[in-house]
Amino acid sequence: MIHLSQAAIIEIGRLKSKQQADSWLRLAIKEGGCSGWFYEMSFDQVVTSNDRVFDVSGIQVLIDEESLNYVNGLALDYSEDLMGGGFRFHNPQSIGTCGCGISFSIIAPKV
């Protein structure tokens, strides 16, 4: 389904430790940005009937049904450089990104 690099696991663990309550990592795809789609990551304490829960390298990840097909094969990495740190999304389904690298375009999956 999705893969988390060791650096991403460490950073997600660090961020999760700052949460007030038990929470899951929520990963979603939303319409928007100059290329059509963008990733949204947050921590959530609520699992809805529309969510699938995955254990990815010990991290509990929530993905809603609408986003599920768009993240199949996604690799999430974290790196720091001179411009700052951040998560990097490597999606084999992406067919292009915008100049800033925040949004991407994708061919709609067959449902």
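The values are calculated or read from the model by the stated rules, or taken from the named source; none is laboratory data. The model shown is predicted, which means the values in this text are computed figures rather than measured ones. Remember, those area values only see protein heavy atoms, side chains included, never the ligands or the DNA or RNA. Shrake-Rupley method; radii C 1.70, N 1.55, O 1.52, S 1.80 Å.
A 1.4 Å probe over all protein chains sorts Met41, Met1 by accessible area into Met1, Met41, starting with the largest. Its Kirkwood hydrodynamic radius, worked out from the mean inverse distance over all distinct Cα pairs, puts the chain at 14.7 Å. If you sort Thr97, Thr48 by accessible surface, 1.4 Å probe, largest first, the order is Thr97, Thr48. To put it simply, the accessible area of the chain at a 1.4 Å probe is 53 percent carbon and sulfur. One chain, two ends: Cys98 and Glu40. Fully extended at 0.36 nm per residue, the span grows by 19.3 nm beyond their Cα-Cα distance. Largest accessible area first, the listed residues Val46, Val71 line up as Val46, Val71 when surface is computed with a 1.4 Å probe on the assembled protein chains.
Residues whose amide H falls under 5 Å from that of Ser103, counting only those 5 or more places apart or on a different chain, are Cys34, Ser35, Cys98, with hydrogens built in the peptide plane.
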